[in-house]
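J.: Would you mind keeping the following structure in view while I ask a few things?
The values are calculated or read from the model by the stated rules, or taken from the named source; none is laboratory data. A quick note: this is a predicted structure, and the numbers were derived from the prediction, not measured. Don't worry about glycine lacking a Cβ; one is built from the backbone with ideal geometry, like all the others, and counts go over all protein chains shown. When the accessible area is computed, the model is the full protein with side chains, heavy atoms only, and any ligands, DNA or RNA have been set aside. Shrake-Rupley method; radii C 1.70, N 1.55, O 1.52, S 1.80 Å.
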Amino acid sequence: FQNEINEVPFFDVQLPYELALKIFQYLGKAELGRCAQVSRTWKILAEDEVLWYRLCQQEGYLLDTSISDHSCWKLALKNCRAREHMLKTNWKNRVGAVSQLRYEPGRVLCDMHCCDGVVMAGYSSGEVRLWDTRTWDYTAPVLAAVAAPAGAGAPPHVSFVRINSSLAVAAYEDGTVSVWSLLLGQEPIHHFQHNQRIQALALAPGGAAVATASGFQVKVESPDDKGFWQTPGTFEIQKLVNFLNLVPDVTGRPVAVAAAEDIVYLLKAEDPGRILHSVYGQPVTCLDVAAHQTAFGIKTFGWLLNEPNQILLYNLETNQCVTKVGNSMGDFSCVNLHSSPPNMLVAGNKDRRVRVFDLRCGQPVCSVCGHQLGVSAVQMDEWKIVSGGEEGLVCVWDQRMATKLWEMHARHPVRHVWFNSHSLITANIPEEKNPRGSSITDDDPSLHRKYRGVIYCYEFSVDQLAVDSVLPICRSSYDEVTGYNYNIGLAVPYDSI
């Protein structure tokens with residue numbers, strides 16, 4: 001006849017319910033399950049919603065929800081773990097759906113960028129399109145460019161595109177830059193012009209700052225409190241900028257990191273431009289920036305051939321080199337620091353290898369080889385690595401086993417790789433924007449799709465057989481009336497013939 005609401009028996013003492021709940025909060029899932037079998041009172045306590053809500057938050061599930069959003073948090077945690085196991089299994093076995101974000105009428109893909117499943121692509125016709133891969137019925141709108149003056153001729157090609165959660169930015173071959181708001185429609189909200197061609201474009205991941213490099217000048221644009229765009233900083237650089245990034249999570253004025261040949265600059269609005277790293281004869285080959293650190297690869301040649309190529313990690317607050325990783329004879333072609341797990345870094349090299357480094361000890365913990373022409377894009381999480389190569393191959397690796405799970409090939413080099421827990425987006429962008437044999441007319445269909453480049457979207461939350469998820473080019477039904485069609489491809493399986 002215990003009062004199961006207010007008092008809980010703990011062996012030879014009676015404790016209040018709140019105090020017993022404080023004790024149980026230090027237990028894990030297995031311990032709570034064992035305690036639930038002791039007695040009816042302990043079962044009520046071990047299945048308290050507060051305990052399972054904390055466990056769900058500690059394991060990283062449903063972080064943006066409150067305790068009142070679910071009636072049974074124990075079941076919610078079970079469903080989240082089951083979904084995670086299903087997604088991991090689908091990733092390993094390549095079970096899911098594959099689709100192409102394709103823009104047909106004779107245009108060449110010039111650049112692509114994505115943020116949380118929203119894809120932005122720029123084409124040789126000067127058009128910029130958006131796709132939201134999170135919804136199946138979303139149509140790709142065209143972001144309107146600034147009207148060109150009469151008699152200006154064909155619109156310029158798109159050089160770079162960048163997108164975050166609120167803004168989309170495109171830079172064109174003639175030096176113009178257009179900025180759109182994803183919340184205000186398809187008309188640009190800001191536009192500015194450079195006198196020369198733009199070499200690099202950067203957009204703050206979580207802010208509204210835009211940085212461009214043209215000639216020997218780096219310009220930073222950002223809106224003020226009232227929404228009016230201004231230029232908080234213009235910097236003169238000694239050499240041409242090869243790589244440009246904005247530091248994320250910076251309060252106040254934006255901070256940029258620029259690499260110009262063998263010099264790395266830290267650009268702040270109040271400073272004229274501080275040199276972060278400079279060694280003559282060691283050009284920078286890749287660059288990435290996180291909240292408080294930046295990583296870049298350096299190349300050695302000439303009289304320094306006995307020194308291998310390395311990746312340097314600098315602290316942006318102290319401006320000091322934290323560690324050096326990598327001892328490779330090949331050039332590091334790509335590095336990913338901002339989306340890697342804490343204290344980890346993944347880099348691709350021209351020697352066909354993808355390496356994962358532990359920044360705490362400075363040693364590689366994983367090294368895989370699989371790209372014949374060098375690695376061009378790479379990203380990792382806690383258990384897998386996705387890499388893209390110059391030969392057009394996308395590979396998914398198991399980090400712990402250092403083995404390849406599966407691969408997918410396309411014609412052009414892989415320039416962008418992005419994934420989350422349930423989807424993967426890759427872009428194969430051709431080097432040649434004006435292929436031979438194409439007509440100069442805008443709507444010329446003769447520019448074949450093999451020259452255009454393609455964006456692939458893989459969705460692993462769809463429980464679909466691998467046979468059904470092959471690319472559309474391999475699913476021809478042979479019911480076309482034309483005598484010749486390049487895209488007839490192969491039929492997999494052959495039962496559909």
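J.: In the stretch 69-100, what residues are touching a helix residue (DSSP H, G or I) at 6+ places or on another chain (Cβ under 9 Å) and polar (S, T, N, Q)?
T.: Passing the criteria: Ser71, Asn93, Ser99, Gln100.
J.: Could you figure out which of (1) open to solvent by 20 Å² or more (accessible area, probe 1.4 Å); (2) at positive phi; (3) of a type outside the set (S, T, N, Q) isn't true of Gly362?
T.: In the conditions (1) open to solvent by 20 Å² or more (accessible area, probe 1.4 Å); (2) at positive phi; (3) of a type outside the set (S, T, N, Q), Gly362 misses (1) alone.
J.: Looking at the stretch 190-222, which of its residues are open to solvent by 40 Å² or more (accessible area, probe 1.4 Å) and either charged (D, E, K, R) or over 20 Å from the mean Cα position of the chain (by Cα) (or both)?
T.: His191, Gln193, Asn195, Gln196, Arg197, Gln199, Phe216, Gln217
J.: Restricting the first residue to the stretch 269-286 and requiring it to be open to solvent by 30 Å² or more (accessible area, probe 1.4 Å), which pairs with a second residue that is modelled with pLDDT under 90 and not hydrophobic (A, V, I, L, M, F, W, C) meet a Cβ separation below 6 Å and a spacing of at least six or different chains?
T.: Cβ pairs passing all conditions: Ala269/Pro232; Ala269/Gly233; Ala269/Arg253.
J.: Looking only at the stretch 386-408, filter to residues that are of a type in the set (Asp, Glu) and farther than 18 Å from Arg355 by Cβ; which one of those is nearest to the chain's Cα centre (by Cα)? Quick ask: steps written out before the conclusion?
T.: Narrowing the stretch 386-408 to residues of a type in the set (Asp, Glu): 390-391, 398, 407.
From the residues that got through so far, the ones that are farther than 18 Å from Arg355 by Cβ too are 391, 407.
Details: Glu391: 20, Glu407: 19 Å.
Filtering first and then ranking leaves Glu407.
J.: Then there is this: Only one of these is in contact (Cβ under 8 Å) with a residue 12 or more places away in the chain, under 28 Å from the mean Cα position of the chain (by Cα), surrounded by 15 or more Cβ atoms within 10 Å (Cβ to Cβ) and part of a helix (DSSP H, G or I): Leu62, Leu77. Name it.
T.: On the way: Leu62 fails: part of a helix (DSSP H, G or I).
Just one listed residue meets the conditions, Leu77.
Each row is one residue, and each column tells you yes or no for (1) of a type in the set (A, V, I, L, M); (2) within 20 Å of Tyr172 (Cα to Cα); (3) modelled with pLDDT of 90 or more.
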| position | (1), (2), (3) |
| --- | --- |
| Met408 | yes, no, yes |
| Val417 | yes, no, yes |
| Thr426 | no, no, yes |
| Glu431 | no, yes, no |
| Thr441 | no, yes, no |
| Tyr451 | no, no, no |
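J.: Considering Leu45, Leu15, which residue is open to solvent by less than 80 Å² (accessible area, probe 1.4 Å), on the phi < 0 side of the Ramachandran plot and modelled with pLDDT of 85 or more? Spell out the reasoning first.
T.: Working: Leu15 fails: modelled with pLDDT of 85 or more.
That would be Leu45, the only listed residue that is open to solvent by less than 80 Å² (accessible area, probe 1.4 Å), on the phi < 0 side of the Ramachandran plot and modelled with pLDDT of 85 or more.
J.: Also: Search the stretch 324-341 for residues being in a strand (DSSP E or B) and not hydroxyl-bearing (Ser, Thr, Tyr), and hand back the single one that is surrounded by the fewest Cβ atoms within 10 Å (Cβ to Cβ).
T.: Only one residue tops the list, namely Asn327.
J.: Which members of the stretch 80-100 meet the condition of being among the aliphatic types (A, V, I, L, M) and either part of a loop (DSSP other than H, G, I, E, B) or open to solvent by less than 50 Å² (accessible area, probe 1.4 Å) (or both)? Full working, then the answer.
T.: Within the stretch 80-100, the first condition is being among the aliphatic types (A, V, I, L, M), and the residues that meet it are 82, 86-87, 95, 97-98.
Hits for the stretch 80-100 are Leu87, Val95, Ala97, Val98.
J.: Sticking with this one: State whether one or more residues within the stretch 107-116 are in the same structural domain as Ala377 (by the TED database), closer than 30 Å to Ser181 by Cβ, surrounded by 20 or more Cβ atoms within 10 Å (Cβ to Cβ) and over 24 Å from the mean Cα position of the chain (by Cα). Reasoning before the result, please.
T.: In the first step, residues of the stretch 107-116 are kept if they are in the same structural domain as Ala377 (by the TED database); the result is 107-116.
Right, trim to closer than 30 Å to Ser181 by Cβ and you get 107-116.
Checking which are surrounded by 20 or more Cβ atoms within 10 Å (Cβ to Cβ) leaves us with 107-114.
Add one more test, that the residue is over 24 Å from the mean Cα position of the chain (by Cα), and what stays is 107.
Yes - at least one qualifying residue is present in the stretch 107-116.
J.: Return the pairs, sorted by first residue and then second, in which the second residue is of a type in the set (S, T, N, Q) and not in a strand (DSSP E or B), the first residue lies in the stretch 334-350 and is in the same structural domain as Lys324 (by the TED database), the beta carbons are less than 8 Å apart, and the residues are 6+ apart or on different chains.
T.: Val346/Ser340
J.: If you check Gln186 against the conditions, is it in contact with a strand residue (DSSP E or B) (Cβ under 9 Å, 6 or more places away or on another chain), surrounded by fewer than 18 Cβ atoms within 10 Å (Cβ to Cβ) and of a type in the set (S, T, N, Q)?
T.: Taking the combined requirement at face value, the residue satisfies it.
J.: Hey, can you tell me all the residues within the stretch 365-410 that are surrounded by 19 or more Cβ atoms within 10 Å (Cβ to Cβ), among the hydrophobic types (A, V, I, L, M, F, W, C) and part of a loop (DSSP other than H, G, I, E, B)?
T.: Ala410
J.: Sticking with this one: Find the residue count for the stretch 306-336, including only residues that are touching an Asp or Glu at 6+ places or on another chain (Cβ under 9 Å) and among the acidic types (Asp, Glu).
T.: Counting residues in the stretch 306-336 that are touching an Asp or Glu at 6+ places or on another chain (Cβ under 9 Å) and among the acidic types (Asp, Glu) gives 1.
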